[in-house]
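S.K.: One structure is given below, represented as C-alpha cells, and several questions about it will come after.
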Amino acid sequence: MRQLEQFPNLVAMFFTRAREMGDAPFLWHKEGKAWQSISWAEAARQVASLAEGLRAAGLVPGDRVMLVSENRPEWCISDLAIMAAGCVTVPTYTTNTERDHLHIIDNSESRAVIVSNAKLAKTLMPAVLHSGVPEVVIGIEPMRMGQPGRLAFYDWNMLIADNPGDPATAESQARFGREDLACIIYTSGTGGSPRGVMQHHGAILHNVAGATAIIAEDFGWDDEVFLSFLPLSHAYEHTGGQFLPIGLGAQIYYAEGLDKLASNIEETKPTIMVVVPRLFEVLRTRITKAVEKQGRLQKFLLDRAVALGLKSVDGGVAVWNQPMNLLLKATLIPKVQAKFGGRLKAMVSGGAPLNPEVGAFFQALGLTFLQGYGQTEAAPVIACNRPAAGIRMDSVGPPLNDTEVRIAQDGEILVRGELVMHGYWRNDAETRRVLRDGWLHTGDIGVIDAKGRIKITDRKKDIIVNDKGENIAPQKVEGMLTLQPEIGQAMIAGDRRPYMVAVLVPDPEWTAEWCEGQGSKCDPATIGDNPAYRAALGQAVDRVNRHLTVTERVRRFILADEAFTIENKQLTPSLKIRRHILNEAYGERLNALYRA
C-alpha cells in the first residue's frame, strides 16, 4: 500500500511529486471546446520562475501576497510560487466587494496582490489605492492597470519569462518548516467581519496525510482525477481540491463554472469530488425531475432504488428484494453513474451540515458518499466518514489520523493536533477565545459513538432559544424545508419567541410549473400575493412540520424579495446563509408575523 511521505513543507511536497510525474498532465483548463493540460514539469518550472520574479519585485520571506482569481491553473501556480518565495498567500473571494478587499488588505498588510483579470481588478484596485499598503500588483491576464505611481505593475507571464528559475534550486531554497505560516485564509463571515485564520504548512500537510490514508486504505490510491469548482479561496477547496491532489500526484481539472458543472463531470470523469451540501441538494432535485420526465416506470425504479438504498444503509437488503436490486443495478443505477463520469470513487461533502436524506439518496444510486466535518481553523478537515468504519449518514465519521477529539462538559467538540491553527492574524482576543490549553473550541455540539464516529447535533452560535428556553437547531429544519420541491431556500427564526417563522425562496422551476398548471402567466412581482400560490407553499411547510417536534414547527412564513445569493451577500461563497444579513433584511417583517 502506498504511503504519503513526511514532508517539511507544502513546497517540498509539490516539487517531489513534480519530479516523480515529469511530463504527465497535471493542471487542465478548457480553451474553446477542448481541454488543455499543463504538465507537472512545466508547472514546476513556472512555480520556480514566478518565485524568482516575486523576489525580483522586492518581496522577502514573510511578506503577505493577496491572490484574487477564479479557479484556474495560474491560481495553483501562483499559490505555490508565493510559498516557494517564502511569502504567505492571502486568498480572497472573487465575489468580495471593495470594502471586503480593503479590510483584508489592511488587516493582512499584503505587500503585493495578484489579480487574474480586468473584471476582478475593477473591484480590487480601488481598495489597493485607498489602502496604500500594497506596493506590487501582478496581472495574470493583460489589463490596463492605470498610471504608474507608487505601485509597481507586472505582467504575470513576463515576470515568469524574465526570471527563469530552476525547480531543484527553488526546492532547496524552501528551508521553512511545518510550523511556519503558509497562508492566511479569511473566514467567509457568516456572522460578521472575516477573520484571518493562520494556517501553517504542517496543518495542511496533516490534512493531506489524513485524507490520503482514507483513499489509500478504503479505495486504493491510483491515478486520481479531481474536478475543481468550489472557490480555491475557501479552505475546503484549497486543501481538498488542490493540496490533496498534489499529495496524491493527481490531475486537477478546473470547471468552467457551476452552470457547466454537469457536462464537465461527464467530460473529465473525476475519481474524487469535493462538494458542499447545497450543491448535492440541487443535483438531487435535478436527477429526480429528469427521471420523472422519462415516465412512470423510471420514476418507479428511482423510488425503489432509494427505498432499497435506505434499507441497505440501515442494515442490508433482504433476500426477497435482491431481484429488484439486481434489476436496478442493470438499468437505472449505471445511467446515473454515467452522469458522474463512470469512475467516481467517492463524493465528499463538507463545509456545512448535510441532510442525511440527501446522502442516502446518492448512496442508494451506487455513488459512495462521504460526509466530512471541519473548520477553517483546522486546515480544515477534522473528520470524515469512511467505508472501513461503516458509513452512517447521521455522522461525520471518525477523526483523521493523529487528530484528538473530545467532548466538553457542555457538549462542545474540542480538537487538538497539528491541524489546529496557530491563531487569528492580529486578533489575540479571538485567538484566546477559541484556543485554550492547546484545544480548538469548535463551537459545535456533538457526541462520539461507540465506533468513534462524530455526530454533530447542534451549532452553539446558531442555536435558536425560544421564549420557553427550548433549543432549536435551525439548519436541520431549513434542510428539511429545502428538500421540498416547492422550496429552493429557507431561513427560520424565532429567538426568544413563542414559535418558529421562516423566510422562503420558492423554487423557480416549481413556480413555472405551478403557473403553467394554473393556465396563467406568472408575474414575479405579484405571484407572492396569489392566495393559491401561498397555499401551495404552505402545504410544503405542513409536510415538513409533520416530521418535526412542536417547538421546531414553522407556524408562519414570508416570501423573500429575491433569492439568497453570493452577490447580495445573503450567501457566503461556500453557499451557507448569512443569518445576520438576512435578519437585517427581513427582521421587521418576521417580527410582524407575531403581531398579525
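S.K.: Tell me, in nm to one decimal, what length is gained between T549 and D428 on full extension, where the rule is 0.36 nm per residue of separation less the Cα-Cα distance?
M.R.: Computed gain between T549 and D428 is 39.5 nm.
S.K.: How large is the dipole of the stretch 10-202 about the Cα centre if only Lys and Arg carry +1 and Asp and Glu carry -1, each at its Cβ, rounded to the nearest 20 debye?
M.R.: It works out to roughly 320 debye.
S.K.: Where nothing but the Cβ of Lys and Arg (+1) and of Asp and Glu (-1) is charged, how large is the charge dipole of the chain around its Cα centre, in debye to the nearest 20?
M.R.: 1500
S.K.: What distance in nm separates the simple spin-label points at I287 and E404, each placed 7 Å from Cα in the Cβ direction?
M.R.: 4.0
S.K.: Could I ask something else about it? Report ³J(HN,Hα) in whole Hz for each residue of the stretch 149-159, in order, from the Karplus equation J = 6.51 cos²θ - 1.76 cosθ + 1.60 where θ = phi - 60°; Gly and Pro get x.
M.R.: x, 6, 8, 9, 9, 9, 8, 4, 5, 5, 4
S.K.: Among 556-569, 368-381, 394-407, what's the highest-first ranking by average C-beta atoms within 10 angstrom per residue?
M.R.: Sorting 556-569, 368-381, 394-407 by mean packing, highest first, produces 368-381, 394-407, 556-569.
S.K.: Hey, if you put +1 on the Cβ of every Lys and Arg and -1 on every Asp and Glu Cβ in the stretch 320-399, which of A388, G374, L354 ends up farthest toward the positive end of that dipole?
M.R.: Of the listed residues, the answer is A388.
S.K.: For labels at S520 and D394 in the simple 7 Å Cα→Cβ model, what's the distance in nm?
M.R.: 4.3
S.K.: Could you tell me how many degrees, from 0 to 90 and to the nearest 10, lie between the Cα long axis of helix 579-592 and the main elongation axis, the longest principal axis, of the Cα atoms of the chain?
M.R.: Compared with the principal axis, the helix lies near 30 degrees.
S.K.: Consider all pairwise Cα distances in the chain and report the whole-number % of them above 43 Å.
M.R.: It works out to 22 percent of all Cα pairs.
S.K.: Across the stretch 1-113, what fraction of all alpha-carbon pairs, as a whole percent, falls in each successive 10 Å bin from zero upward?
M.R.: 13, 37, 33, 15, 1
S.K.: Another question, then. Just order 575-582, 197-204 by mean Cβ neighbour count inside 10 Å, highest at the front, would you?
M.R.: The peptides rank, most packed first, as 197-204, 575-582.
S.K.: Something else: Determine one quarter of the surface area of the Cα convex hull of the stretch 10-202, which equals its mean projected area, and express it in nm² to one decimal.
M.R.: Average of the hull's projected areas for the stretch 10-202 equals 11.2 nm².
S.K.: Which residues' amide hydrogens lie under 5 Å from the amide hydrogen of L67, considering only partners 5 or more residues apart or on another chain, with H built in the peptide plane?
M.R.: Sorted by chain and number, the residues that satisfy this are V90, T92, I114.
S.K.: Against the longest alpha carbon principal axis of the chain, how many degrees, from 0 to 90 and to the nearest 10, is the axis of helix 201-218 turned?
M.R.: Once rounded, one gets 50 degrees.
S.K.: Mind ordering 87-94, 209-216 by average Cβ neighbours within 10 Å, highest first?
M.R.: Packing proxy ranking, top to bottom: 87-94, 209-216.
S.K.: From the residues N583, L483, T572, which one has its Cα farthest along the dipole of the stretch 463-592 in the positive direction, the dipole being from +1 and -1 charges on Cβ of Lys/Arg and Asp/Glu about the Cα centre?
M.R.: Value: N583.
S.K.: Restricting the count to DSSP beta bridges whose residues both fall in the stretch 331-414, what percent are antiparallel, rounded to a multiple of 5?
M.R.: 65
S.K.: Working from Cα positions, state the angle (0 to 90°, nearest 10) between the long axis of helix 40-56 and the longest principal axis of the chain.
M.R.: Taking the Cα atoms of the chain, the angle to 40-56 is about 60 degrees.
S.K.: Once you have a ≥ b ≥ c as the square roots of the Cα gyration tensor eigenvalues for the stretch 52-130, tell me rounded if a/c is under 1.5, and otherwise prolate or oblate according to whether a/b is larger than b/c.
M.R.: oblate
S.K.: Treating the beta-carbon of each Lys and Arg as +1 and of each Asp and Glu as -1, no other charges, what is the dipole magnitude of the stretch 421-509 about its Cα centre, to the nearest 20 debye?
M.R.: For this selection, approximately 500 debye.
Since every read-out is calculated from the coordinates, none of them should be taken as a lab result. It should be emphasised that the depicted structure is a prediction, and the values quoted were computed from it without experimental measurement. Cβ coordinates were reconstructed from backbone atoms using ideal geometry, including for glycine residues, and neighbour counts include every protein chain displayed.
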